[in-house]
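Here the structure comes first, spelled out in structure tokens, and everything after it is commentary.
The values are calculated or read from the model by the stated rules, or taken from the named source; none is laboratory data. Given the structure is predicted, the values throughout are model-derived calculations rather than measurements. Cβ: placed from backbone, ideal geometry, glycine included. Neighbour counts: every protein chain shown. These accessible areas exclude ligands, DNA and RNA; they are computed on the full protein's heavy atoms, side chains included. Shrake-Rupley method; radii C 1.70, N 1.55, O 1.52, S 1.80 Å.
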Amino acid sequence: MKSLHTYTPVRIALPFICGILSGFYLSTGHDPFVYLLCASIFFGALSVVSVFLGASYGYRWLPGVFANVSLILMGFLTVLNINDNNKKCISKIECLAVEKALICSLESKPSAKTSYSVCKATVIAGLDSTGKWQKVSSGIIIYFKEDTSCLTLKYGNRIIIYGDLQPIREPSNPHTFNFRRYLYERKVFHQVYLEKGQWLLTDISSGNFIYVIAGKCRDAFLDVFRNFKIEGEEFALVSALLLGVTEYLDSETRQEFSYAGATHILSVSGLHVAIVYAAADKILFFLKRGKRSRAFHSVLIILFIWFYALITGLTVSVVRASLMFSLVAAANLLRRSSWNYNILAVSAFLQLWINPFELLDIGFQLSYLAVLGIFAFYQPFNNLIQSGNRLINWIWPVIAVSCAAQLSTSPLASYYFHIFPAYFLVTNLLVVPLSGLIIYLSIGLLAASALGINFSWMALPLNWSLILLEKSVELIQGWPGAVIRNIVFTPLQVILIFLSIISLYGLFVLARRKWAFVLIGSVLLFQCISYYQQYKQLNNNQLVVYNISGHSAIDFFYKKECVFLSDSLLQKTKGKVDFQIVPNRVINEISLVNCVEIKEDTIISNNFLWKNDFFVTFSGKRIVIIGDYMNAGKGEKQLQCDLAIIHGDS
């Protein structure tokens with residue numbers, strides 16, 4: 001076991017992360033200056049004590065305490081400061097929005113939806129009550145209603161909008177995706193709906209020139225693929241794989257990759273940057289000989305990585321991976337160990353120092369857990385099989401990497417998404433090599449196009465590889481039992497699973513027997529919580545009325561069964577049901593759903609629910625459902641009930 005002194009970056013990053021978490025969950029709404037004053041007093045007192053007593057052997061722990069407390073407070077105050085600035089920004093823009101005239105700079109091109117187009121923008125100025133423009137900086141989401149002219153807008157365009165800013169609402173149904181919190185973490189606080197004629201394009205563009213160049217490069221590369229006659233699903237896949245452009249992917253393809261355990265292929269992230277890093281390292285192998293050429297080799301690799309990040313749009317996931325591999329290249333240049341926990345700690349610290357809200361991002365969490373798992377478990381897994389067979393020596397490392405990454409990410413991924421892809425090993429054995437091949441072939445096509453070579457037959461290998469990838473994923477996700485669904489963990493259970501994984505590492509890799517007691521305790525406590533959850537499920541008895549615009553939806557839960565009363569149109573609209581209703585059923589572990597239309601002549605009679613006409617008896621309560629179908633005669637009757645549910649225009 002190495003000394004803790006060799007992991008100084010880890011020892012710096014961990015207390016800083018703890019401070020950020022305390023800022024998220026323990027902040028009170030007091031002015032950050034109060035905390036800063038208290039911290040200064042504490043630091044002053046601790047500094048005095050450290051100076052006078054730190055030299056003594058008995059008080060050698062004081063400098064460490066001072067450093068850790070300082071890092072925790074730094075993380076805590078960083079979050080509080082950002083939250084305070086956000087509140088001031090929201091207050092200012094809401095005052096300026098009264099005049100309904102705002103100048104916005106577009107952060108993305110409008111994306112066309114069914115009946116509207118949407119884009120992200122930053123409000124940079126607003127008209128105040130005196131008729132003067134006041135500077136402000138606040139993110140908003142703009143919805144253009146049935147206006148195709150907005151599709152000509154580009155990143156960096158400045159437009160003047162005339163509309164009512166609306167706050168982004170909290171989710172109206174239990175356990176649905178919290179879009180408001182998601183946008184708040186990205187400094188987007190309001191939304192606006194614009195009719196045709198409520199916006200005006202100005203002659204000024206204010207986008208970051210780096211992002212402008214990135215957008216132009218990306219569009220040029222997409223045109224290259226079009227010129228080589230790569231179309232349809234193949235075009236959508238290569239756009240996502242190489243450039244991170246996912247707007248051409250349909251929902252069915254996304255779902256297939258998710259069920260097969262290959263979602264990470266569709267978003268440019270660590271895997272893609274690793275492939276680019278490996279390609280650059282191989283191409284520049286001749287620069288590894290001399291000391292100066294080795295330095296040049298590392299610099300060129302870093303430049304190559306960031307050029308790739310640039311053309312993919314400098315998304316958060318790509319920047320995260322590029323930073324990590326740049327640190328790897330820098331470590332190789334300095335002749336330091338590159339594949340260790342310190343690289344991970346430095347990368348995480350830098351990102352969280354810039355934006356602590358990254359810590360709440362699911363992609364950030366899963367990305368770092370995957371790399372952490374590979375660092376910890378790849379070598380032990382890879383050493384399990386030593387063979388002279390070349391095929392086994394090629395296949396087994398891929399399996400070892402997949403198992404290491406899956407082991408470290410599965411608990412959190414299952415907690416968030418409630419599914420587990422059973423055939424992830426088979427999928428990764430196919431899609432990881434294929435995705436690498438596709439990236440190399442794509443780079444080859446781009447290079448050929450740059451040299452003026454544009455023969456359509458040159459794209460055949462890339463097309464065939466894309467078709468093979470698509471068909472392989474489609475086949476695997478269709479196998480029986482491909483997806484384990486409705487996995488429900490409590491936060492404490494997730495922590496216990498990770499504690500068990502750490503215990504396994506300590507027990508088998510570090511050979512420390514004391515970890516066996518931690519493992520046994522974690523498993524027993526996990527099982528106790530599972531039994532308690534099952535007991536709660538046996539007493540599950542809920543009535544849930546959902547808030548879905550234009551629809552009526554009521555769930556009656558009894559143990560693991562559910563009767564779903566709704567209008568016929570909603571039952572045919574699978575997307576709304578999956579987004580607004582299914583998450584609550586998953587959390588409540590509902591396995592049997594009986595869908596019934598909510599109308600007067602519907603009769604239901606089972607072991608927990610009785611319905612006749614517009615009366616319902618459930619859990620000993622008499623419920624009346626008042627809807628449009630109740631005629632005047634029935635409406636005049638005096639109804640005796642415990643609960644009345646009103647739906648429609650009643």
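Before moving on, here are some points about what is shown:
- Count of the stretch 249-281 residues, restricted to those that are open to solvent by 70 Å² or more (accessible area, probe 1.4 Å) and either among the aliphatic types (A, V, I, L, M) or modelled with pLDDT under 80 (or both), is 0.
- Scanning the stretch 254-270 for residues that are under 18 Å from Glu470 (Cβ atoms) and either assigned to a helix (DSSP H, G or I) or among the polar types (S, T, N, Q) (or both) turns up Arg254, Gln255, Glu256, Phe257, Ser258, Tyr259, Ala260, Thr263, His264, Ile265, Leu266, Ser267.
- Filter result (surrounded by 16 or more Cβ atoms within 10 Å (Cβ to Cβ) and in a loop (DSSP other than H, G, I, E, B)) within the stretch 602-614: Phe614
- Residues located in the stretch 554-580, provided they are part of a strand (DSSP E or B), within 22 Å of Pro171 (Cβ to Cβ) and out of contact with any Leu (no Cβ under 6 Å at 6 or more places or on another chain): Asp555, Phe557, Cys562, Phe564, Leu565, Ser566
- Residue count for the stretch 85-111 under the criterion of being loosely packed, with under 14 Cβ neighbours inside 10 Å and within 26 Å of the chain's Cα centre (by Cα): the result is 3.
- Of all residues in the stretch 311-323 being closer than 15 Å to His264 by Cβ and open to solvent by less than 20 Å² (accessible area, probe 1.4 Å), the one that is farthest from the chain's Cα centre (by Cα): Thr312
- Within the stretch 463-487, being at positive phi and surrounded by fewer than 12 Cβ atoms within 10 Å (Cβ to Cβ) holds for one residue alone: Gly481.
- Every pair of residues 6+ apart whose Cβ atoms lie under 6 Å, when the first sits in the stretch 61-86 and is within 17 Å of Leu14 (Cα to Cα) while the second is among the β-branched types (Val, Ile, Thr) and part of a helix (DSSP H, G or I): Gly75/Ile20; Val79/Ile20
- Picking from residues in the stretch 330-354 that are over 16 Å from Leu14 (Cα atoms) and in a loop (DSSP other than H, G, I, E, B), the one that is modelled with the highest pLDDT is Leu334.
- Flag if Leu434 is part of a helix (DSSP H, G or I), in contact (Cβ under 8 Å) with a residue 40 or more places away in the chain and open to solvent by less than 30 Å² (accessible area, probe 1.4 Å): no
- Index of the failed condition, Lys229 passing every other in (1) part of a loop (DSSP other than H, G, I, E, B); (2) of a type outside the set (Gly, Ala, Ser); (3) surrounded by 15 or more Cβ atoms within 10 Å (Cβ to Cβ): (3)
- Hey, Asn584 touching a residue at least 24 places away in the same chain (Cβ under 8 Å) and either open to solvent by 20 Å² or more (accessible area, probe 1.4 Å) or more than 30 Å from the chain's Cα centre (by Cα) (or both) or not: no
- Among the residues making up the stretch 187-211, a single one is in a loop (DSSP other than H, G, I, E, B), touching a residue at least 60 places away in the same chain (Cβ under 8 Å) and in contact with an Asp or Glu (Cβ under 9 Å, 6 or more places away or on another chain): Gly207.
- Residues that are touching an Asp or Glu at 6+ places or on another chain (Cβ under 9 Å), closer than 25 Å to Asn208 by Cβ and not aliphatic (A, V, I, L, M) were ranked within the stretch 153-170; the one that is least open to solvent (accessible area, probe 1.4 Å) is Gly156.
- Residue list for the stretch 390-416, filter: under 21 Å from Ile501 (Cα atoms) and not small (Gly, Ala, Ser): Pro397, Val398, Ile399, Val401, Cys403, Gln406, Leu407, Thr409, Pro411, Leu412, Tyr415, Tyr416
- Matching entry among Asn81, Asn85 (being at pLDDT 60 or above, in contact with a helix residue (DSSP H, G or I) (Cβ under 8 Å, 6 or more places away or on another chain) and of a type in the set (S, T, N, Q)): Asn81
- In the set (1) closer than 30 Å to Tyr143 by Cα; (2) part of a helix (DSSP H, G or I); (3) at pLDDT 85 or above, Val98 fails one condition alone, (3).
- Qualifying residue in the stretch 282-297 (condition: in contact with a helix residue (DSSP H, G or I) (Cβ under 7 Å, 6 or more places away or on another chain), assigned to a helix (DSSP H, G or I), open to solvent by less than 10 Å² (accessible area, probe 1.4 Å) and not charged (D, E, K, R)): no
- Among residues of the stretch 541-553 being assigned to a strand (DSSP E or B) and touching a residue at least 60 places away in the same chain (Cβ under 8 Å), the one that is surrounded by the fewest Cβ atoms within 10 Å (Cβ to Cβ) is Asn541.
- Options Lys574, Lys536, Lys559, Lys599; residue that is open to solvent by 40 Å² or more (accessible area, probe 1.4 Å), over 29 Å from Tyr415 (Cα atoms) and of a type in the set (D, E, K, R): Lys599
Table: residues versus (1) among the β-branched types (Val, Ile, Thr); (2) closer than 30 Å to Arg226 by Cα; (3) assigned to a loop (DSSP other than H, G, I, E, B); (4) free of Cβ contacts under 8 Å to residues at least 12 places away in the same chain.
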{"residue": "Leu466", "(1), (2), (3), (4)": "no, yes, no, no"}
{"residue": "Leu469", "(1), (2), (3), (4)": "no, yes, no, no"}
{"residue": "Asn486", "(1), (2), (3), (4)": "no, no, yes, no"}
{"residue": "Arg512", "(1), (2), (3), (4)": "no, no, yes, yes"}
{"residue": "Tyr535", "(1), (2), (3), (4)": "no, no, no, yes"}
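One line per residue, one yes/no per condition, for (1) in contact with a strand residue (DSSP E or B) (Cβ under 8 Å, 6 or more places away or on another chain); (2) open to solvent by 50 Å² or more (accessible area, probe 1.4 Å); (3) in a helix (DSSP H, G or I):
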| position | (1), (2), (3) |
| --- | --- |
| Ile213 | no, yes, yes |
| Arg218 | no, yes, yes |
| Val224 | no, no, yes |
| Glu234 | no, no, yes |
| Glu247 | yes, yes, no |
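- Ser149 vs. criteria modelled with pLDDT of 90 or more and either over 22 Å from Lys88 (Cα atoms) or not in a loop (DSSP other than H, G, I, E, B) (or both): no
- Members of the stretch 124-151 found to be among the polar types (S, T, N, Q), surrounded by fewer than 19 Cβ atoms within 10 Å (Cβ to Cβ) and either within 29 Å of the chain's Cα centre (by Cα) or at positive phi (or both), listed by number: Ser137
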